[in-house]
Each structure stands twice: as C-alpha cells, then as structure tokens.
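*Asks:* Below are the structure tokens for one structure; questions will follow.
The values are calculated or read from the model by the stated rules, or taken from the named source; none is laboratory data. Owing to the predicted nature of the structure, the values given are computational and were not obtained by experimental measurement. Please note: Cβ atoms are built from the backbone with ideal geometry, for glycine as well, and neighbour counts cover all protein chains shown.
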Amino acid sequence: MSTAITSDTKYTPNPDIITGKNKQNTLLYDPKNGEIITLNDTSAVLWTLILKKYTVKKMIDYLYKHYETERVIIEKDIRVLLSGWLNKKRIIQIQ
C-alpha cells in the first residue's frame, strides 16, 4: 500500500497502541517501547477523527470548520502529524 498522504487516504490506529485519557489529556501508550505520548487538544481531535475513519480531506474540512486557522496551515500541520505518526508506526494506512 502506498505511503503517500492524499486527500482520500484513511488511517487506523496501530492495534498495539493503547489510547487512554486522564482528567485533562488523551494519552497514547506504545507497549513495544514503553513510550507514553500526551496529545495536545488538536492532536486529540485528529486522533478521534482517525478512529472514525475520516479521510484526510474530511479531517482538514473538520479542523478548518472548528479552528480559526488558514486552511493551508491546517492541511500542512495535519500532513506533518500524520507523517510522524506513520513513521513511528502509531497509525496504519487503510485506504
């Protein structure tokens, strides 16, 4: 499967990654290396959209609608974050 991040691409969390919450944050736990990742508010929203199987375009549309930021910046930030999560095997491309 291609690793290009296109508008129609969908992802799912790596099944090894455990998602949890404390009072304030969404947390990801990678049992393979013991790493705990604290997601900021925007990353937590993006993680939720991944769980809902949103395409990259729908993720961009959603964040653009809910955040006062230029669309081009949202698109760039999403692609950078997805790329990082892909490289660290936190998400898997499914389409």
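*Asks:* Restricting the first residue to segment 64-84 and requiring it to be more than 15 Å from Val45 (Cα to Cα), which pairs with a second residue that is modelled with pLDDT under 95 and not acidic (Asp, Glu) meet a Cβ separation below 7 Å and a spacing of at least six or different chains?
*Replies:* Ser83/Ile5
*Asks:* So which strands (runs of 3 or more DSSP E) stay within segment 1-93 end to end and still have 2 or more residues that are touching an Asp or Glu at 6+ places or on another chain (Cβ under 9 Å) and crowded, with 16+ Cβ neighbours inside 10 Å?
*Replies:* 26-30
*Asks:* So which of Lys89, Lys53 is at positive phi, within 14 Å of the chain's Cα centre (by Cα) and modelled with pLDDT under 95?
*Replies:* Lys89
*Asks:* Continuing with this model, one more query. In segment 56-74, how many are acidic (Asp, Glu) and either on the phi > 0 side of the Ramachandran plot or modelled with pLDDT of 95 or more (or both)?
*Replies:* The total comes to 2.
*Asks:* A further question on this structure: Could you count how many residues in segment 38-63 are free of Cβ contacts under 8 Å to residues at least 12 places away in the same chain and in contact with a Leu (Cβ under 8 Å, 6 or more places away or on another chain)?
*Replies:* 1
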